[in-house]
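Since every read-out is calculated from the coordinates, none of them should be taken as a lab result. Because the structure is a prediction, the values reported are computed rather than measured. Reconstructed Cβ throughout: ideal geometry from the backbone, glycine too, with neighbour counts over all protein chains shown.
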Amino acid sequence: MTGEGEAGQVTYFRKGLGLKAEVEEELAADYTGQLVDLLRTNEYTLTAGDTTVRLAREFGFCYGVERAVDYAYQSRRKFPDRRIYLVGEIIHNPHVNAKLRAMGVTFLLPGPKGFDFSVIRPDDVVILPAFGVTIGDFESLRSLGCIVVDTTCGSVLNVWKRVESYARDGLTSLIHGKYYHEETRATASQTLKYPGAKSIVVRNMEEAEVVCDFIEGKIAAEELRERLPNAFDAGFDPERDLKRIGVANQTTMLARESLAIGQRVGEALARRYGQEYLAENFRTFDTICSATQDRQDAVDELLREPLDAMVVVGGYNSSNTISLAAICALKVPTYHIEDADCIDPEAGSIRHRTPEGETVSRGWLSAQGPVRVGLTAGASTPNNKIGETVARIFATRGVSPEFVQTATAN
Ligand code: SF4
C-alpha cells in the first residue's frame with residue numbers, strides 16, 4: 001500500500017524509502033561485531049586458555065528487526081529536516097533505541113490511555129515499529145496526514161491475517177501472548193474490523209488452564225474474570241464468547257508452550273461439546289515467526305553440550321529473549337543480561353534479570369579450571385553488543401580480547 005497526500009506527496013512507506021544502499025555503511029558501523037564474525041568463521045566457538053565461549057547458530061537481529069532499523073535510518077536520511085517520531089520503541093533494545101534518539105528520533109511513549117498523537121503535525125514523519133500498532137492508532141495517524149513509515153514485520157502481519165480470519169468467521173481469537181505487549185495489543189485489535197468479534201489473551205499454560213476450566217464448566221465466569229483480570233477485551237462475555245475459538249500467538253512466545261496451549265484448548269472444547277464440534281468451531285495455528293523458532297531450536301541444540309553457564313543477551317522487556325532464557329534455565333545456570341555492561345569483569349559479577357526482578361550474581365564463573373559458556377541473543381540485539389559480551393566473558397576469566405583473537409587464529 002502506498003498513500004499520497006494532497007500535494008501528491010507519498011505519505012505511506014511500507015517497502016523502504018529507496019535509500020538502502022546509502023545507509024548500509026552507517027548500519028554496519030553501528031552494529032557489526034568483530035568477535036561475532038570471528039565466532040561465525042570458527043564454528044561458533046572461541047577458546048582461549050581454558051575458557052570456551054559457544055555461540056548458538058541462530059542468534060541476534062532477525063529479519064524483521066533488521067528491516068525496521070534499516071527503514072528508520074533511511075527515514076532520517078530521506079527527511080533530514082523533518083521531525084521524526086517513533087510509536088513506542090522500534091524494537092526492545094536499549095542500545096538501538098539510544099542510537100535512534102541520538103539521530104534525533106523522538107519516541108512517543110504510551111500513557112494510561114494509550115498514545116497521544118496531538119503533537120504530530122502533517123509534515124512530521126512517524127515510524128511504526130516492527131511489532132505494529134493497533135488499528136485505532138494506525139487510523140489516527142493516517143487521519144493526521146503525516147508521513148507514515150510502516151516497519152511492521154511480515155510475520156506479524158501473518159498473525160493479523162490469521163486473527164482477522166477467525167474474527168470474520170465468528171471465532172473468538174485466543175492469543176498466547178502478553179496482554180501489555182505492543183504486538184499482542186496490535187494483534188488483538190485486528191478483531192475490531194468485525195463488529196462483535198472478540199479476543200482473549202493468555203500469557204502461559206497456567207492461564208490457558210483457567211480458561212479451559214471455564215470451558216469445561218469447572219469454574220464460573222466470575223472466577224474466570226477474577227483470575228485473569230487483564231485477559232479480556234471490552235464487552236467480552238465468557239458464556240457467549242468461549243464457545244467458538246481460534247488460537248494464535250504472539251510471534252515471540254515459547255513455541256512448545258503455544259502448541260501445547262492450542263492443543264489443550266481444543267481438548268477442553270471437545271470435552272464440553274464433543275469431538276465432532278471441533279471441525280466447525282475450533283482452529284489453531286502456530287504463528288511463532290521463523291526467526292524466533294530458529295533461535296529457540298539453535299539454543300536447544302547448544303544445550304545438548306555440557307555448559308557451565310548460559311548468557312542470554314537482550315532487553316528485559318524483549319519477549320523472544322525471555323523465551324530463550326526460559327529454555328536455557330531448564331538445563332543450565334542462565335543469566336539474561338540487558339547489555340554487555342551487565343558483566344563486570346573486575347568485580348567478577350553479572351547483573352541479570354530473574355522472574356522476580358534484576359539481581360547481581362557474584363562469582364558466576366569459577367576462577368579456576370576449564371569453563372564453557374554458552375551464548376545467545378534475542379532478535380533485537382545487534383552483533384556489536386554480542387561481541388562486547390563475549391569480550392567481557394573472557395575478561396572475567398582474565399583473558400583479553402586481543403588474546404582471544406590470537407588464540408583463535410593459532
Ligand atoms: S521476532 Fe519475528 S515477528 Fe518479531 S520482528 Fe523479528 S522476525 Fe518479525
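Treating the beta-carbon of each Lys and Arg as +1 and of each Asp and Glu as -1, no other charges, what is the dipole magnitude of segment 323-388 about its Cα centre, to the nearest 20 debye? Intermediate values should be presented prior to the final figure.
Details: 6 positive and 8 negative charges, 68 e Å.
Result for segment 323-388 is approximately 320 debye, rounded to the nearest 20.
What size of dipole, in debye to the nearest 20, comes out for segment 155-288 about its Cα centre when the only charges are +1 on Lys and Arg C-beta atoms and -1 on Asp and Glu C-beta atoms?
Values: 19 positive and 21 negative charges, 69 e Å.
The calculated dipole for segment 155-288 is roughly 320 debye.
What does the highest-first list of 388-399, 22-33, 307-318 look like by mean Cβ count within 10 Å? Please report the intermediate quantities before stating the final value.
Values: 388-399: 21.5, 22-33: 14.8, 307-318: 23.9.
Per-residue Cβ counts within 10 Å, averaged per peptide and sorted highest first, yield 307-318, 388-399, 22-33.
I need the peptides 38-47, 287-296 ranked by packing, meaning the mean over residues of other C-beta atoms within 10 angstrom, with the highest value on top.
Numbers: 38-47: 16.1, 287-296: 21.4.
Final packing ranking: 287-296, 38-47.
Among Thr45, Gly357, Ala221, flag the residue with its Cα farthest along the positive direction of the charge dipole of the chain, charges on Cβ as +1 for Lys/Arg and -1 for Asp/Glu.
Of the candidates, Ala221 comes out farthest on the positive side.
Mind scanning Lys99/Lys198; Lys15/Lys99; Lys161/Lys385 and naming the pairs with a C-alpha gap bigger than 28 Å? Walk me through the intermediate numbers first.
On the way: Lys99/Lys198 39 Å; Lys15/Lys99 22 Å; Lys161/Lys385 34 Å.
The pairs that break the limit, which is 28 Å between Cα atoms, are Lys99/Lys198; Lys161/Lys385.
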